[in-house]
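Trainee: Below are the structure tokens for one structure; questions will follow.
Here, each number is a calculation from the coordinates, and none is a lab measurement. Values in this document were obtained by computation on a predicted structure and should not be read as measured data. Cβ atoms come from the backbone with ideal geometry, glycine included; neighbour counts cover every protein chain shown.
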Amino acid sequence: MIVDDEIDIIGLFSEILSLNGISVRPFTNPEEALNDFKQNHGNYRLIISDVIMSPMSGAEFIARAKEIDPVVNVILMTAFELEGSQLQEIKSDEFFNKPIGMNDLIRVVKKYVK
């Protein structure tokens, strides 16, 4: 699952990952993503989420997803500078700043979807 309110990011990441054999379910709305996750969380091994989104922040989205499935892997991403305390509040397995090189994206994702 990829969740980002920027449609360009969703499109690019989905295309690159799909071309590398990784099944992707993209969402531009975190509320819709959470509803899908509630119904289908057993089908997901990884959530990639932006930190700053609307109408729900990435931190809130991840916290609610972890209530549903505490063991799902999470990668957070942002184009903004975050303080260490902000990152500690969000439970994630990986973190990267946007932009990210496509080879780096594939490498990070493949660690979780072997």
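Trainee: Anything over 20 Å Cα to Cα? Flag those among 38/111; 66/98; 91/111; 38/110, in the order listed. It would help to have the intermediate numbers written out before the result.
Mentor: On the way: 38/111 24 Å; 66/98 23 Å; 91/111 17 Å; 38/110 24 Å.
In this structure, 38/111; 66/98; 38/110 lie more than 20 Å apart at Cα.
Trainee: If you don't mind, there's one more thing I want to ask. Applying a 10 Å radius around every beta-carbon, put 100-107, 58-65 in order of their mean neighbour count, most first.
Mentor: Values: 100-107: 13.5, 58-65: 19.8.
Peptide ranking by packing, descending: 58-65, 100-107.
Trainee: Next question, about the same structure. I'm spelling it out carefully: the read-out is percent of Cα pairs over 22 Å apart, the candidates are (1) 67; (2) 41; (3) 24, and one was derived from this structure. Which label?
Mentor: Correct label is (3).
Trainee: Report the charge-dipole magnitude of the chain in Debye, nearest 20, computed about the Cα centre from +1 at each Lys and Arg Cβ and -1 at each Asp and Glu Cβ. Walk me through the numbers before you get to the answer.
Mentor: Numbers: 11 positive and 18 negative charges, 130 e Å.
With only Lys, Arg, Asp and Glu charged at Cβ, the dipole is about 620 debye.
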